[in-house]
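The structure appears below as C-alpha cells.
The values are calculated or read from the model by the stated rules, or taken from the named source; none is laboratory data. Nothing here was measured: the structure is a model prediction, and the numbers come from that model. Cβ sites come from the backbone with ideal geometry, for glycine too, and all protein chains shown count toward neighbours.
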Amino acid sequence: MQHFKTLSAYLDYLELPRPEHPMLSVFSAIGDGFLPCPKESSPPITNDCYSISLKKIVKGNLNYGRTKYDFTNGALIFIAPRQVLQWDESVVYDQKGFSINFHEDFLKGTELAHQIKKYSFFSYSANEALHLSPKEEKQIESIVENIDIEYQNNQDEFSKDIIISQLSTLLKYANRFYERQFLNRKELSNDLLEQFNNHLSEYFESGYFEEHGIPGIEQIAEQLSVSQRYLSDTLKKETGKTSTEHLQLYLINEAKNILLNPNKTISEVAYELGFEYPPYFSRLFKKKEGISPSAYREKYKLN
C-alpha cells in the first residue's frame, strides 16, 4: 500500500496544486470559485495528514450505516493520519465546499496536538460524516474563510497561531454539531442497538460463541457497516452504555437463562458463552449482578 509522508507528495498524487505552506493546504470554493478536482479513483493509500472537508454530492449515494441520506446540505468529513483511503468514480462531488489538509507535525508543540486526538469523529468512516444544516454550514464556512485569508496572505510570525486557533474553533463547533446529530438520529440509534443485539443473538444461537469465543466489537461493527468508534459513541449517547457494556449485558442475560439449567456446571456455562477462562466469567457476573453465578443459580433455581 502506498504511503505519503509529506503533504506535497500526497497532493501531487491527488493531482492537486502544491500547497502555499509545506504542512498546510486550503482549497476553498465557498464563494464564486470552484474546488480543483482530484483524481477520479485510487487504490488504498495512507498519509501522515489530517483532512477536514465539506463535500456535496451531485451524483451517486453515500450510506450512513445501512441507510441512505441526503448529502445536498453538505457533509463534513474528517480523516486522521494513516487512515486507509480509497475511492472510485461512482460518486461525483459538487466543486463547492472546502478541503483543509495539514500534516500532523503542523500541530507539534501546540495544545491542539493533544486535543485533536480526543475528537472521536476522526475515527469515523466517511459514510459517517457530519451532516450540516444550512445554518451550521454557514458557521463552519465563516471559520474556514478566516483560515483561508491567513493562508493566502503573506504569512508572518502570527499566522500559524491564528490558523491553529481557527482550526481549534472549527473542531469545537463540529463536536457540538455531532452532539446534535446523535440526538436527531434517535431512531437510527435505536435501530443500531436492535441490530447489535440481533447480531449477538445470531452468533449465540449458531454456536459461534462456544466455538470461536466472544466476537469483538470491531467485528460486530463491521457487520453493521459502521466503525467501532461510531457504534460505541452512538450507543453511549442514546443509552448511556458503550458497545462493550451492551455486549457484557447480553452475555449476563444469556448466562442467567443458562444457569437455570442445573445439569451444566459453571465452567460449561462460561464456555458456552465464549469465555476462555471461567473465573473471568464468574468475576464479570458478580460485578454486574452482585452475586456469583452459583449463588444466582441457588437463588433462582427451578423447583
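Numerical summary
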read-out: Residue tally, condition part of a loop (DSSP other than H, G, I, E, B) and under 25 Å from the mean Cα position of the chain (by Cα), over the stretch 109-140; value: 7
read-out: Breaking point among (1) buried (at least 17 other Cβ atoms within 10 Å of the Cβ); (2) under 25 Å from the mean Cα position of the chain (by Cα); (3) at pLDDT 90 or above, for Glu238; value: (3)
read-out: Scope the stretch 285-295; condition free of Cβ contacts under 8 Å to residues at least 12 places away in the same chain, surrounded by 11 or more Cβ atoms within 10 Å (Cβ to Cβ) and part of a helix (DSSP H, G or I); matching residues; value: Lys286, Ala295
read-out: Residue match in the stretch 274-283 (condition: hydrophobic (A, V, I, L, M, F, W, C), at pLDDT 90 or above and either on the phi > 0 side of the Ramachandran plot or buried (at least 16 other Cβ atoms within 10 Å of the Cβ) (or both)); value: yes
read-out: Checklist (1) among the hydrophobic types (A, V, I, L, M, F, W, C); (2) touching a Leu at 6+ places or on another chain (Cβ under 9 Å); (3) at pLDDT 85 or above applied to Ile162, failing item; value: (2)
read-out: Residues of the stretch 215-226 classified as at pLDDT 85 or above and closer than 20 Å to Tyr119 by Cα, total; value: 3
read-out: Lone qualifier among Ile143, Ile149 - being assigned to a helix (DSSP H, G or I), among the β-branched types (Val, Ile, Thr) and modelled with pLDDT of 95 or more; value: Ile143
read-out: Residue match in the stretch 244-258 (condition: out of contact with any strand residue (DSSP E or B) (no Cβ under 9 Å at 6 or more places or on another chain), within 25 Å of Ser292 (Cα to Cα), among the hydroxyl-bearing types (Ser, Thr, Tyr) and assigned to a helix (DSSP H, G or I)); value: yes
read-out: Flag for Glu298 being charged (D, E, K, R), free of Cβ contacts under 8 Å to residues at least 40 places away in the same chain and either within 19 Å of Leu200 (Cβ to Cβ) or in contact with a Phe, Trp or Tyr (Cβ under 9 Å, 6 or more places away or on another chain) (or both); value: no
